[in-house]
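A.B. asks: Handing you a structure now.
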Amino acid sequence: MYATTAHQILVDGPEFWASLQEDIANAEHSICIQTLTFEGDLAGTALADALIACRAPRRRVLIDSFNLYFQRDRFVYAPANLRASSPVRAEAQATREMIARLRSAGVEVRYTNPAGVFMHKLLARDHKKLVLIDGDIAYIGGINFCDHNFDWHDMMIRVSRTDVASTLATDFNATWNGLQAPAATRSGDIEILNLDGSGNEVTCRRLLSAIDEAQSSVEVLSPYMTFPFTDALRAAVQRGVRVVVVSPAENNRGFLTTYMRAEATRSGFDLRLYQGRMSHLKGMLIDNAELIIGSSNFDWLTYHLLGEVMAVVTNAGIIEEFRRRVLAPDIATSVPAAPAPTWRAVLFDAAFRIAATVACVLCKPAPRPVALDRVRLRGARSSCVPPRLPEKRVAL
């Protein structure tokens, strides 16, 4: 049976997989998964095996086209990876075989968001990580289905509420059909923000306004944070708000650690460097009353280009669990960052803004038709919501 807890914060890959594996095994109607990467390694094949064994009649996987070009966080078509002995090449082949096996077993698999003939749209990815089960259970967060992501420090949140799952199902169905879902939907104490890359700046104002209205504290976990979020944090520091940022010391994009140290010196916020391994975890807690979690790294790519799914949570139970299980331990595992020359922050910031301008010209997706009729989507052949939605609503 499904767990009766209305919400669970699942820290790191093994804890997330233990919960998801049980939910997949117990699914009766539908499983819909959206991810940036799904690779033919131990993590990926475990998911594939679970989906093949599942008795739910509707099983769908939506993968960003990024996965066709990158495996093991490496570009598949780099010269070194074309050699017969290359582990990246071997994993790309294993991934193709895994996808073929899924399709043969009746699992529908689609790739979304083409990168373009010359891969000129490669920066404009659908960055969502989303799982929906039986129209009642939803997972969102930052974990992809590949070994290196499962090894990183990260988080998913499991919510057992039909209202939240239905809102997220609308977005999944729209993306599956090449449509745009509503950008923001409130379900009680959880507001869902869906970004499709074409109008992100408007929806991101919701996040920036929350920082602008902070009265006492803003606490952020992010590996890749840049403008305009750093601009808002700088302004918050100047208002006297306590700002703490936790970012990994062992960043897979090491130049961003250099930038973050310089930006912390320039902006005056307290930067802590998470120790021991890469942290891919993202979250922002404002005044201990509003928690922003999901797939966003709070960077310029989110602001301009990426498909993202986020939740703005005011539920006291979820916030307390996040502080106890994630924020407090991560701060305790981190060390204060040494100051760095502020000119580096200025230089990096200018480079990011130039890159954003160029990327918006080359990569910005055109607005897609809007899918507003959620009832039509529920009844459609493409829907990931089962024919009979559960009537239960677990109060938080």
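The values are calculated or read from the model by the stated rules, or taken from the named source; none is laboratory data. This structure is a prediction, so every number in the text was calculated from the model and none was measured. Quick reminder, even Gly has a Cβ in these numbers, built from the backbone with ideal geometry, and neighbours come from all protein chains shown. With ligands, DNA and RNA removed, areas are computed over all heavy atoms of the protein, side chains included. Shrake-Rupley method; radii C 1.70, N 1.55, O 1.52, S 1.80 Å.
A.B. asks: Quick one: which of 202, 244 is of a type in the set (A, V, I, L, M), farther than 22 Å from residue 133 by Cα and either open to solvent by 40 Å² or more (accessible area, probe 1.4 Å) or outside any strand (DSSP E or B) (or both)?
C.D. replies: Going through 202, 244 in turn, the sole match is 202.
A.B. asks: Part of a strand (DSSP E or B) and over 18 Å from residue 346 (Cα atoms): does that describe residue 250?
C.D. replies: Spelling it out, it is not the case that residue 250 is part of a strand (DSSP E or B) and over 18 Å from residue 346 (Cα atoms).
A.B. asks: Within region 341-396, track down each residue that is over 30 Å from residue 305 (Cβ atoms) and either modelled with pLDDT of 80 or more or not in a helix (DSSP H, G or I) (or both).
C.D. replies: 381, 386, 387, 388, 389, 390, 391, 392, 393, 394, 395, 396
A.B. asks: Another question about this same structure. Can you name the residue in region 165-210 that is free of Cβ contacts under 8 Å to residues at least 40 places away in the same chain and of a type outside the set (Gly, Ala, Ser) and, of all such residues, is nearest to residue 17 (Cα to Cα)?
C.D. replies: Only one residue fits best here, namely 167.
A.B. asks: Give me a count of the residues in region 325-374 that are closer than 21 Å to residue 264 by Cβ, in contact (Cβ under 8 Å) with a residue 60 or more places away in the chain and open to solvent by 40 Å² or more (accessible area, probe 1.4 Å).
C.D. replies: Here the count works out to 12.
Let's see how each residue does on (1) surrounded by fewer than 22 Cβ atoms within 10 Å (Cβ to Cβ); (2) modelled with pLDDT of 95 or more; (3) touching a Lys or Arg at 6+ places or on another chain (Cβ under 9 Å):
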site	(1), (2), (3)
257	yes, yes, no
262	no, yes, yes
285	no, yes, yes
292	no, yes, yes
296	no, yes, yes
302	no, yes, no
315	yes, no, no
319	yes, yes, no
323	yes, yes, no
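A.B. asks: Has region 216-238 got at least one residue that is in a strand (DSSP E or B), hydroxyl-bearing (Ser, Thr, Tyr) and over 25 Å from residue 330 (Cβ atoms)?
C.D. replies: Looking through region 216-238, none of the residues is in a strand (DSSP E or B), hydroxyl-bearing (Ser, Thr, Tyr) and over 25 Å from residue 330 (Cβ atoms).
A.B. asks: Just wondering, is there one or more residues in region 266-282 that are among the acidic types (Asp, Glu) and surrounded by fewer than 21 Cβ atoms within 10 Å (Cβ to Cβ)?
C.D. replies: yes
A.B. asks: Sticking with this one: For region 74-85, does any single residue satisfy the condition of being of a type outside the set (A, V, I, L, M, F, W, C) and in contact (Cβ under 8 Å) with a residue 24 or more places away in the chain?
C.D. replies: no
A.B. asks: Also, quick follow-up: Quick one: in region 11-22, which of the residues that are more than 15 Å from the chain's Cα centre (by Cα) and of a type outside the set (Asp, Glu) is surrounded by the most Cβ atoms within 10 Å (Cβ to Cβ)?
C.D. replies: Here the answer is 20.
A.B. asks: Do you know which residues across region 115-128 are under 18 Å from residue 171 (Cα atoms) and open to solvent by 10 Å² or more (accessible area, probe 1.4 Å)?
C.D. replies: 125, 126, 127
A.B. asks: Scan (1) crowded, with 17+ Cβ neighbours inside 10 Å; (2) part of a loop (DSSP other than H, G, I, E, B) for the single condition residue 167 breaks and write down its number.
C.D. replies: (2)
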